Amino acid sequence: MAGAYLAGVGGNLFAWAGATGMHRSLGASGMVMGCLGMLAIQSLVLWRRSAHARRIILGGLASCVFLFIMLGLSPGTDVLAHLGGFISGILSGAALLAVDRSIHKPAANFLAGILFVLLTIVPWYFALRS
């Protein structure tokens, strides 16, 4: 969940940074594309587990890229947010794959929950203030 949220944040930041002129757009579609990027990278877990890993990985990556092209590049959509979300999803998915299982402890989950709440409240505060 946190990885998907961070991918959505990355998508919106990418759209904000790449926008020319005034940019007022905020949505969840970047997070959806981020989830797609996270799914694309998850097939890398199979690299050492299967003899047919290369075919599985390439098939997973290709299908996610094609879904991104079909859904994320539609006319009238925020293409920058979708692209940023997809790239952020790949990066956050790779980071989650690299994380050691030993950090899954109650204290780490509590801190992640507090961080998630702050990442939700602070942007809304700034959005409603302006």
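Working ranking of peptides 106-119, 85-98 by packing, defined as the average number of other Cβ atoms within 10 Å per residue, highest first, is 85-98, 106-119.
Taken about its Cα centre, the chain carries a charge dipole of roughly 340 debye when the Cβ of each Lys and Arg holds +1 and the Cβ of each Asp and Glu holds -1. Within the stretch 44-130, the trypsin sites (Lys or Arg not before Pro) that combine a DSSP coil assignment with at most 15 other C-beta atoms in a 10 angstrom radius are ARG49. Paramagnetic label reach from VAL45 (point 7 Å along Cα→Cβ; backbone nitrogen cut-off under 12 Å): within the stretch 1-21, no residues. Of the DSSP H helices in the chain, those with a Cα length along their own long axis of 18 Å or more and a mean Kyte-Doolittle hydropathy reaching 1.6 comprise 53-72, 79-98.
Report summary: the helix-based calculation at 222 nm, which adds -39500 (n - 2.57) for every DSSP H run with n ≥ 4 and divides by the residues of the chain, gives -25000 deg cm²/dmol.
For Cα Rg over 2.2 N^0.38 Å, the candidate list reads [x] 1.12; [y] 1.18; [z] 0.94; the entry that matches the value derived from this model is [y].
Readers should treat all values here as calculations from the given coordinates under stated rules, not as data from a laboratory. Just so it is clear, the model here is predicted, and its values are computed rather than measured. A quick note on method: Cβ atoms are made from the backbone with ideal geometry, for glycine too, and the neighbour counts reach across all protein chains shown.
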